[in-house]
1. Counting only pairs 8 or more residues apart or on different chains, how many lysine pairs in segment 74-203 have their Cα atoms under 18 Å apart?
2. Could you work out how much longer the chain between M249 and K53 gets when fully extended? Use 0.36 nm per residue separation minus the Cα distance between them, nm to one decimal.
3. Under 17 Å from a point placed 7 Å out from the Cα of E184 along the Cα-to-Cβ direction: which residues of segment 210-236 have their backbone N that close?
4. Where does the chain land at 222 nm, in deg cm²/dmol rounded to the nearest 500, when only DSSP H runs of n ≥ 4 count, each adding -39500 (n - 2.57), divided by all residues?
5. First obtain the Kirkwood hydrodynamic radius of the chain from its Cα pairs, then insert it into the Stokes-Einstein equation at 4 °C and 1.567 mPa s, and state the resulting D in µm² per second as a whole number.
6. Could you give P(r) for segment 2-114, binned at 5 Å from zero, as whole percent values over all Cα-Cα pairs?
7. What ³J(HN,Hα) values, in whole Hz, does the Karplus curve 6.51 cos²θ - 1.76 cosθ + 1.60 give for segment 142-154 when θ = phi - 60°, with x put for Gly and Pro?
8. With an 8 Å cut-off on Cα pairs and a minimum separation of 6 or more residues, tell me the relative contact order of the chain in percent.
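None of the figures in this text is laboratory data; all of them are computed from the coordinates on show. These figures come from a predicted structure and were not determined experimentally. We place every Cβ from the backbone using ideal geometry, glycine too, and count neighbours over all the protein chains shown.
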Amino acid sequence: MRIILDGMGGDNAPGEIVKGAAIASKLVKHEICIVGDEERIKKELSKNDHEPKNISVLHASDLITGEDRPVKAIRDKKESSLVKGLMMVKRGEGDMLLSAGNSGAVMTGGLLLLGRIGNIDRPALGSVYPFILKGAAGLLIDAGANSECRPNSLLYFAAMGKLYAEKVLGCPNPTVGLVNMGTEPGKGSTTLKETYRLLSEAKKQKGMNFIGNIEGRDVPTGIADVIVCDGMTGNVILKLTEGLGMSIMGLMSRQFTSSTSAKIGAALLLPKLKEMKAAFNYNEYGGAPILGIKAPVIKIHGSSNHGAVVSTILKAVPYVEENVIGEIEKAAAEMDELLGQSPETPFDKDCAII
């Protein structure tokens with residue numbers, strides 16, 4: 001397997017990206033090809049202990065920044081690390097691409113250069129979501145790629161999320177829940193009511209483990225392994241969870257340093273406090289897969305450190321080994337049968353990519 005890593009994408013590139021690749025090179029038996037400014041990447045590599053036979057570097061003379069407009073950047077910056085990496089995957093010179101770069105450019109590049117799977121009209125961003133009390137994680141889909149979605153799109157999201165949770169996250173027969181304002185079937189917008197009907201049919205005809213509507217308060221409990229929603233809702237859930245986690249940790253820090261007795265208690269609880277902090281840390285969970293395109297592409301958080309890069313590389317390997325793309329193609333065909341017709345023209349005016 002050859003893992004293509006965008007060495008110049010993200011706030012901490014190339015330093016943290018290369019450091020993560022160096023650590024991972026000693027943990028996996030696969031080649032990690034870092035694409036980017038060869039001189040800078042090799043300089044960073046020299047600072048880190050790594051397995052030389054598992055690391056290669058491909059020079060890219062250009063860079064897509066966070067300020068670049070996604071479509072224009074993909075079309076004009078053909079020598080950028082992101083575009084060169086995607087083209088390597090397209091030509092079969094790599095098995096997957098990982099990037100912490102411009103989110104819109106990664107999504108757009110995957111769509112334009114690699115193409116969509118079958119009738120899946122909108123690729124979705126899946127985000128690994130930690131269920132703190134269960135000590136496990138599920139998948140939130142869509143996490144921010146599409147601000148508005150049709151019922152057909154949400155059906156495909158559920159099918160893709162189910163496969164990723166099962167094959168990559170190791171969740172057997174994952175449960176699927178639809179985020180809504182109430183649990184009753186008749187709740188929510190016209191779109192959500194129709195989505196509920198489609199998912200119920202998928203349960204009846206295709207064996208999807210759909211448990212019905214779930215409310216926002218249920219999401220963190222792990223009531224559903226796959227959390228289905230439009231990108232606007234998903235992004236709000238993620239940001240709210242992240243902010244709440246930081247607030248809780250901040251409150252605990254203040255409380256445990258408020259007095260001498262509190263500091264003594266904190267010292268005794270230190271190992272458990274560290275475990276709690278790790279549970280809220282997105283760096284522990286790897287990147288977010290872009291599902292619905294013809295090859296594995298994973299978006300790493302833009303401000304990630306080397307730990308997140310290592311986690312993403314390790315957790316991305318099953319994505320290829322389990323042939324998740326092939327499984328999604330089969331699942332998409334099954335959803336096509338259920339729908340009985342092709343979706344509307346993809347990416348029409350109401351579709352907002354990151």
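1. Count of close lysine pairs: 4.
2. Roughly 66.4 nm would be gained on extension.
3. Residues 212-216 fall inside that zone.
4. -14000 deg cm²/dmol, from helical runs alone.
5. Approximately 62 µm²/s, per Stokes-Einstein.
6. 2, 14, 25, 25, 18, 10, 4, 1
7. 9, 9, x, 7, 10, 6, 10, 9, 8, x, 4, 4, 5
8. 23 percent.
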